[in-house]
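Contents: one structure, followed by commentary.
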Amino acid sequence: MLIVVLVAVVGIIAFVLIGSGSPDIEEASKPIVDQILQEQYDINRSCDDVTVTNDNGDNTYEAKATLDNGSAININIEYYPKKDRIYVQIPYSEVLLLN
C-alpha cells in the first residue's frame, strides 16, 4: 500500500510509505515527482524516469528526474529504511527552469 503525503518546506518534500520488501528508490520516486509538480506547482508534466546520480552514503541520494517532455531536473531523495519511507525534494530553482 502506498501513501503519499506532501509537505511544504524550502523546496517541496514528499514521502511515500513502501510496502514490504526492499524499495526500488528510483521507481518509488516517480509518482512523488509527478505529484509535487502537478499539485504543488501546477505544472502539467509527468516523470518518465528517475536515475540516482550520487549515493551520499547516508541514505541520501542525488538524482535526475526525466520528464515526459524530455527535460531533466535535479532532485534529492532520502530513504529511511527503519520507517520504510522515501522523501523526495525538488529544489525550487529546478522548478523555475521548467517555466
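Each reported figure results from applying straightforward, stated rules to the coordinates on display, with no laboratory input. The structure presented is a predicted model; accordingly, all values stated were derived computationally and were not measured. Here Cβ is always computed from backbone atoms with ideal geometry, including for glycine, and neighbour counts include all displayed protein chains.
Can you put Thr60, Thr53 in order of Cβ neighbours within 10 angstrom, beginning with the fewest?
Neighbour counts put them in this order, fewest first: Thr53, Thr60.
Once fully extended, how much extra length lies between Val52 and Glu39, figured as 0.36 nm per residue of separation less the alpha-carbon to alpha-carbon distance? The partial results should precede the final answer.
Details: separation 13, 0.36 × 13 = 4.68 nm, distance 2.36 nm.
Full extension from Val52 to Glu39 adds 2.3 nm.
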